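What follows is calculated from the coordinates using simple rules that are stated; it is not laboratory data. Nothing here was measured: the structure is a model prediction, and the numbers come from that model. Note: ideal-geometry Cβ built from the backbone for every residue, glycine included; neighbour counts use all protein chains shown.
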Amino acid sequence: MNKRVAIVGWRGMVGSVLVDRMREEQLFSHIDPVFCSTSQAGAPAPDLGIDLPPLADAYDVSTLCDTDIVVSCQGGDYSTRMHEEVRKAGYRGAWIDAASALRMRNDSVIVLDPVNQPVMDRARAAGVVDYIGGNCTVSLLLMAIGGLFRQQWVEWVSTMTYQAASGAGARQMRELIAQMDHLSAACRATLKDPGASALDLERTLSAALRGEAMPTEALGHPLAASLLPWIDRGVEHGATREEWKGHVECNKILGNDPEIPVDGICVRVGSMRCHAQAVTIKLRQDVPLDEIEHVLHESTPWTRIVPNTREATLEKLTPAAVSGTLDIPVGRIHKLRMGPEYLGLFTVGDQLLWGAAEPLLRTLQWLL
Ligand code: HSE
């Protein structure tokens, strides 16, 4: 018999990428989906070319309890509230979640099966029923360099991120384009003037960037033609919560004991949906580069080594090349001047696919 799967938050960005992937993987032939809504219960379900009952009420405990699996991309407030309510009501089905709210609880596991299938297997065998997707930057980093951890070569990792607007949200993505549009309109006349210099153009652009009319309601500040070196709220030691997640989530995903330090600075840039990271790794020993590349290549079936040449790097190791794909390219791989145990590399990944929807999709497939 098909399992009944409640799907909440399917209209949002991560949710809609997840539903698209579920269709591509033909998962809807193997489940009885119960599409839920927090605001439009009773309205027609999305048109997937299959017979579906009207939308169920996402806040109705008995509706959720009447399913085998809940998949939520609705956000942390919803997860905190409804997860507690259904568990209190005795629900023992699986709860698969994209939000961070339940991620660091002792009784949940962070799912990233190409990297931590053994951790997931142990958790399931021990009766864990809360399967939570990791932070996008963390999941993408581990998809790239998980193999190095598996070899126990890593003493510490420092990662400097270049995070896409999609990580901030859908409104922020739209606003980034509105900002580009505003700047391009402000510069159009100067750009067309053959007598205007590059510095004239820059002055026109900077005036528009700092001007009152620059749209900044969602992002808070100009992102187009600039960057924002602060993501989420501040935590202790001068770090941000996004940076804190790097350490705690990497270690939880890998089941590390003792923990391996992972730290860096997280920066929002003007790419649309691909996060990139410049990574410094302190190895425990001097491992030859060809062995490192081999192990990185084996990290996951999606991890791709990009030769450290100008042509290959600029063709394959950019958000423009990777957006919308499941590829995890790793390039610029070389030893740093600090010594033969210091490894530098660069990686890019789609923040909505491996960074969010894909680990949830695969957890659902695994549980089915
Ligand atoms: N927190 C991430 C970001 C996205 O702001 O880019 C979700 O993991």
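Listed values, structure above:
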read-out: Estimated 222 nm signal from helices in the chain, with DSSP H stretches of n ≥ 4 weighted -39500 (n - 2.57), rounded to 500; value: -11500 deg cm²/dmol
read-out: Under Karplus coefficients 6.51, -1.76 and 1.60, residue-wise ³J(HN,Hα) of region 309-321 in Hz, glycine/proline x; value: 10, 4, 4, 5, 4, 6, 7, 10, 10, 9, x, 4, 7
read-out: Stretchable slack from residue 259 to residue 280, in nm (0.36 nm times residue separation minus alpha-carbon distance); value: 5.8 nm
read-out: Inter-label distance, nm, simple model (7 Å from Cα along the C-beta direction), residue 47/residue 290; value: 5.8
read-out: Sites matching GluC sites (Glu not before Pro) across region 261-368 that sit in DSSP coil, with at most 15 neighbouring C-beta atoms within 10 Å; value: 298
read-out: Tail weight of P(r) past 22 Å, computed on alpha-carbon pairs of region 101-223, percent; value: 60
read-out: Inter-probe distance in nm under a simple model that places probes 7 Å from Cα toward Cβ, at residue 92 and residue 152; value: 3.7
read-out: Mean-position separation - Cα centroids, region 1-43 and region 214-236, in angstrom; value: 32
read-out: Highest-fluctuation residue, 106, 116, 251 considered, GNM on the chain with Cα pairs under 10 Å; value: 106
read-out: Axial C-alpha extent at least 15 Å, average Kyte-Doolittle at least 0.0 - helices from the chain (DSSP); value: 13-24, 136-150, 198-210
read-out: Diffusion coefficient, µm² s⁻¹, Stokes-Einstein with Kirkwood Rh over alpha-carbon pairs of region 115-162 at 37 °C and 0.692 mPa s; value: 262
read-out: Efficiency of FRET between residue 124 and residue 338 - r from beta-carbon atoms, R0 45 angstrom, step 0.05; value: 0.65
read-out: Per-pair calculated FRET efficiency, R0 = 22 Å: residue 39 and residue 170 via Cβ, rounded to 0.05; value: 0.85
read-out: Global form of the chain, assessed from the alpha-carbon gyration tensor, a/c cut-off 1.5; value: oblate
read-out: Extended-chain gain in nm, criterion 0.36 nm per residue less alpha-carbon gap, residue 11 and residue 104; value: 30.9 nm
read-out: Length gained when the stretch residue 29-residue 217 is fully extended (0.36 nm per residue, less Cα-Cα span); value: 63.5 nm
read-out: Highest-MSF residue in the chain out of 357, 185, 123 [GNM, Cα springs under 10 Å]; value: 185
